[in-house]
Amino acid sequence: MALALDLDVDYFNTPEMLGNPIADMVLFHYEGKSDPSIGIYACGAHSDFGMMSLLATDGVMGLQICKDKDVMPQKWEYIPSIKGSTLHRVLGNGQDRYSIPFFLKPSHDCIIECLPNCQSENNLPNCV
């Protein structure tokens, strides 16, 4: 990830960056059939938080992303795999679906701030 951001390969491998990271791996099983028109989803719309999410799936279609969450009505697209943290959901299609996400989050002591090379005069960091 550091190399993709044009940083030194060991940039995140320091106590002040990741420190003592928090990692979770979960097995999800989705079943049944979704009907978004009446609000039935295998997993509703959400964005992952933390530093990185990796997802292993069984290949059964169901994962969707929303490229622009601020546009109404939202447009959802089926995705076989995804890069980045994007608003997403899962629709059941009547087949059992399994996925195994791995979530990596910095330690509770880590200071979170925008990387210098991810901002500019025209692209200032958002404050939350």
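The values are calculated or read from the model by the stated rules, or taken from the named source; none is laboratory data. Predicted model, so just to flag it, every value in this text is computed and none were measured. Here Cβ is always computed from backbone atoms with ideal geometry, including for glycine, and neighbour counts include all displayed protein chains. For accessibility, only protein heavy atoms count, side chains too; no ligands or nucleic acids. Shrake-Rupley method; radii C 1.70, N 1.55, O 1.52, S 1.80 Å.
When the dipole is taken about the Cα centre of the chain, and only Lys, Arg (+1) and Asp, Glu (-1) are charged at their Cβ, what size is it in debye, to the nearest 20?
About 540 debye.
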So the compactness index of segment 64-128, its C-alpha Rg divided by 2.2 N^0.38 Å, takes the value 1.53
Residue-ordered couplings for segment 22-30, obtained by feeding phi - 60° into the Karplus form 6.51 cos²θ - 1.76 cosθ + 1.60 and rounding to whole Hz (Gly and Pro as x), are 9, 10, 10, 10, 10, 9, 10, 10, 10
Expressed in nanometres to one decimal, the distance between label points 7 Å along Cα→Cβ at E31 and D10 is 5.0
Carbon plus sulfur, as percent of the 1.4 Å-probe accessible area of segment 7-74, comes to 58
Of the candidates Q74, M51, P36, the farthest towards the positive dipole end of the chain (Lys/Arg Cβ +1, Asp/Glu Cβ -1, centred on the Cα centre) is P36
Counting only protein heavy atoms and rolling a 1.4 Å probe, one gets per residue an accessible area for the chain in Å² of 73
For segment 28-128, the count of lysine pairs 8 or more apart or interchain whose alpha-carbon atoms are under 21 Å apart comes to 6
